[in-house]
Amino acid sequence: NLFNTTSIGIDATCTGSDMVRIGNIFVGSIGGYQNWTNISDGRFKENVKENVPGLSFIKQLRPVTYQLNREKINEMNGVTERRKQTAAEMGTMPAFLTGDKYSDITTGFIAQEVEAAAQKAGFNFSGVDKPKNDKDFYGLRYAEFVVPLVKGMQEQQAIIEDQKKELQFQKQRIDELEKMMKEMKRNGSR
């Protein structure tokens, strides 16, 4: 039995407890005039640690394009069976219940690969929404990628700063060596 669930839209199906699903596999856009806000109040955060990996995690990710196989998802969700029942009751399959087998081309990651990358980096990454049961799906919380990306940029900036210092040191050494060579030439030509 599922509890604390909300499904909005035709064929929107919750596959686990404590879940909200909006729309079905054919929904192409969900939006409003503002971005989603996650509660992030420091007054309630405890055991705070700066242990988020950056480059060691981000470098393992494989950005891809893909198309979702809507038929497979509907089959797993039980939507296909419900649609057959609806068609039998109505005598025909309503047009709004049919569509292309594949979604439009989408850009993203594959959740199982992200999970493996996080494990390899020793990172308990909250951006992977793991299945709660055999009828549930993997999902990704793309907003969660911001934190390791910021950490990765900080790590890169530290590398850049170190390289700048090294370049400055090398430039200084080259200037000193050139000065010595000029001095030697001047002394040798006398």
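Values in this text are rule-based calculations from the coordinates and carry no lab data. Please read all numbers here as calculations on a predicted model, not as lab measurements. Note: ideal-geometry Cβ built from the backbone for every residue, glycine included; neighbour counts use all protein chains shown.
General observations
- Of the labelled figures (1) 19.8; (2) 10.9; (3) 19.0, only one reflects mean projected area of the Cα convex hull in nm² as derived from the coordinates, namely (1).
- Considering helices alone, the calculated mean residue ellipticity of the chain at 222 nm is -13500 deg cm²/dmol, with DSSP H runs of length four and up weighted by -39500 (n - 2.57) and normalised per residue.
- Cα centroid separation - segment 1-42 against segment 147-179, whole Å: 46 Å
- GNM result for the chain, Cα springs below 10 Å: residue of 21, 70, 173 fluctuating most strongly: 173
- Counted charge near residue 93, where neighbours are those whose Cβ lies closer than 12 Å (Asp, Glu -1; Lys, Arg +1): +2
- Relative to the current alpha-carbon distance between residue 143 and residue 101, full extension at 0.36 nm per residue lengthens the span by 12.3 nm.
- In this structure the amide hydrogen of residue 128, modeled in the peptide plane, comes within under 5 Å of the amide hydrogens of 141, none closer than 5 places in sequence on its chain.
- The GNM of the chain, with springs linking C-alpha atoms under 10 angstrom apart, assigns the highest mean-square fluctuation among 33, 102, 142 to 33.
- For residue 137, the residues 5 or more places off, or on other chains, whose built amide H falls under 5 Å of its own are 132.
- Proximal charge balance of residue 9 [Cβ under 14 Å; K/R count +1, D/E count -1]: +1
- Summarising the amide proton neighbourhood of residue 7: residues at separation of 5 or more, or on other chains, whose placed amide H is nearer than 5 Å comprise 21.
- Max mean-square fluctuation residue, GNM over the chain, Cα-Cα springs under 10 Å, options 124, 133, 38: 38
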